[in-house]
Amino acid sequence: MAYRVVVRAGPRVEKASADTLDEALELLEDRCRELSRGPTRDPVRLYKRTIEPVQQVMARAEVSGPQRWRPALRGGLDLRGDGSAEAWTGRVRRMLVEQEPGESPYDALRRGLSASSGP
């Protein structure tokens, strides 16, 4: 049984699979770091409202598995328009994984997924 990694950046959807959760998280981290080196977004003005780059999701990367139907683990990263990233777990109810001091969003995702998988 494999873990699935799906990265959505604009209209592009990239899919990959890995045998272990660690391999899947490495794939996710490599692709997200590559995307974060790209151009950032400008503020978007929509009528009287301005959507700042930090409010825009530039790319979303998620990992799920190991089961194909109703996977036990689901989580991912949202890359923001200003280059920052936020980790989350869940599918229907996404729960933000708060970063601890000195922790990267990738480490926060690892911690969040290991906590949701149980002992």
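The values are calculated or read from the model by the stated rules, or taken from the named source; none is laboratory data. Fair warning: this is a prediction, and the values are worked out from it, not measured in the lab. Counting neighbours? That spans all protein chains shown, and the Cβs are built from the backbone with ideal geometry, glycine included.
Which condition number in (1) more than 13 Å from the chain's Cα centre (by Cα); (2) surrounded by 12 or more Cβ atoms within 10 Å (Cβ to Cβ) is the one that ARG68 fails?
Against the list (1) more than 13 Å from the chain's Cα centre (by Cα); (2) surrounded by 12 or more Cβ atoms within 10 Å (Cβ to Cβ), ARG68 comes up short only on (2).
Would you be able to tell me the number of residues in segment 42-95 that are part of a loop (DSSP other than H, G, I, E, B) and of a type in the set (A, V, I, L, M)? Lay out the reasoning, then the answer.
The initial filter retains those residues of segment 42-95 that are part of a loop (DSSP other than H, G, I, E, B), namely 42-43, 47-48, 52, 56, 66-72, 81-84, 90-94.
Then keep just the ones that are of a type in the set (A, V, I, L, M); that gives 72, 92.
Total meeting the criteria: 2.
Could you please let me know if GLU52 is surrounded by fewer than 16 Cβ atoms within 10 Å (Cβ to Cβ), out of contact with any Lys or Arg (no Cβ under 8 Å at 6 or more places or on another chain), at pLDDT 90 or above and among the acidic types (Asp, Glu)? Break it down into steps so the answer makes sense when it comes.
Working: surrounded by fewer than 16 Cβ atoms within 10 Å (Cβ to Cβ): yes; out of contact with any Lys or Arg (no Cβ under 8 Å at 6 or more places or on another chain): yes; at pLDDT 90 or above: no; among the acidic types (Asp, Glu): yes.
Here the answer is no, as GLU52 does not meet what is asked.
Restrict the check to segment 8-26 and report whether at least one residue is at pLDDT below 90, outside any helix (DSSP H, G or I) and within 15 Å of ARG74 (Cα to Cα).
No; the residues of segment 8-26 include none that is at pLDDT below 90, outside any helix (DSSP H, G or I) and within 15 Å of ARG74 (Cα to Cα).
Which one is surrounded by the fewest Cβ atoms within 10 Å (Cβ to Cβ) among residues in segment 73-119 that are acidic (Asp, Glu) and over 28 Å from VAL44 (Cα atoms)?
GLU100
Can you tell me which residue within segment 9-49, out of those that are basic (Lys, Arg) and surrounded by 12 or more Cβ atoms within 10 Å (Cβ to Cβ), is nearest to ASP82 (Cα to Cα)? Lay out the reasoning, then the answer.
Initially, segment 9-49 is screened for residues basic (Lys, Arg), giving 12, 15, 31, 33, 37, 41, 45, 48-49.
Checking the rest, the ones that are also surrounded by 12 or more Cβ atoms within 10 Å (Cβ to Cβ) come to 31, 33, 41.
Numbers: ARG31: 17, ARG33: 13, ARG41: 6 Å.
Of everything passing the filter in segment 9-49, ARG41 is nearest to ASP82 (Cα to Cα).
Using the structure shown, decide if TYR47 is in contact with a helix residue (DSSP H, G or I) (Cβ under 8 Å, 6 or more places away or on another chain) and among the aromatic types (Phe, Trp, Tyr).
Here the answer is no, as TYR47 does not meet what is asked.
Please enumerate the residues belonging to segment 1-30 that are among the hydroxyl-bearing types (Ser, Thr, Tyr) and more than 8 Å from VAL63 (Cβ to Cβ).
Scanning segment 1-30 gives SER17, THR20.
Quick test of your reading of the structure: GLU62 fulfils all but one of (1) surrounded by fewer than 16 Cβ atoms within 10 Å (Cβ to Cβ); (2) of a type in the set (Asp, Glu); (3) modelled with pLDDT of 85 or more. Name the failing condition by number.
With (1) surrounded by fewer than 16 Cβ atoms within 10 Å (Cβ to Cβ); (2) of a type in the set (Asp, Glu); (3) modelled with pLDDT of 85 or more applied to GLU62, the lone miss is (1).
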